[in-house]
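Below: the structure, in structure tokens.
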Amino acid sequence: MTSLSIQDVSRQSGLSEPTLRYYEEVGLLGPIARDGSSGHRRYSEGDLDTAQVLACLRAMGVGIEDMRSYQANRLRGHDAAGEQRDILLRHAVRVQEQIATLRTHLDYLRTKAALWDARARADVAGEAEAQLELETILPRLEETFR
């Protein structure tokens, strides 16, 4: 059996050492075996796999309670497939909304840059075109602030 240090797991999962300790403390990871002489944590390949799953969930903005449910459902296997699907789809909707918001912000930034570029070139037609485009973006932008 492979035995990994907390540094190894941190490096391979992308989670910081304090986060790994916290996830163990709140029951998301572990219990982690300890070295008999030093007391240092010794992670198994399974622990690393779990840490990598948690790192992915965390990167997607999944909260601790949903991580806890997800982990419990992983242990249940096929019996929990519907619940796993629901957790993931709920977060997929949230991510989709974030993407739409970011696209609106990107449209605004590019159009404002085009407006200022037209002004720098004294391009009256280009400035008017950018201004018209901004008028279509502003309502969407305002919606992102609500």
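The values are calculated or read from the model by the stated rules, or taken from the named source; none is laboratory data. Bear in mind the structure is a predicted one, so any value in this text is a computation, not a measurement. Because the Cβ atoms are built from the backbone with ideal geometry, glycine has one as well, and the counts that use them run over all protein chains shown. Note: accessible area is taken over every heavy atom of the protein model, side chains too, but ligands, DNA and RNA are not part of it. Shrake-Rupley method; radii C 1.70, N 1.55, O 1.52, S 1.80 Å.
Given the residues G30, G36, G46, G61, which is the only one that is open to solvent by 40 Å² or more (accessible area, probe 1.4 Å) and under 17 Å from the mean Cα position of the chain (by Cα)?
The conditions single out G61.
Just the residues that are of a type in the set (D, E, K, R) and under 16 Å from S13 (Cα atoms), please, taken from segment 49-99. The answer is D49, R58.
When you check E143 against the structure, is it surrounded by 11 or more Cβ atoms within 10 Å (Cβ to Cβ) and of a type in the set (D, E, K, R), yes or no? Considered against the rule, which asks whether it is surrounded by 11 or more Cβ atoms within 10 Å (Cβ to Cβ) and of a type in the set (D, E, K, R), E143 comes out as yes. Taking each residue of segment 101-119 that is in a helix (DSSP H, G or I) and looking for partners that are of a type in the set (G, A, S) with beta-carbon atoms closer than 7 Å, six or more apart or interchain, yields T111/A130; A114/A130; L115/A130; A118/G126; A118/A130. Specify the residue that is surrounded by the most Cβ atoms within 10 Å (Cβ to Cβ); the eligible residues are those in segment 73-106 that are more than 18 Å from V62 (Cα to Cα) and not aliphatic (A, V, I, L, M). Looking at the filtered set, the residue picked out is T104.
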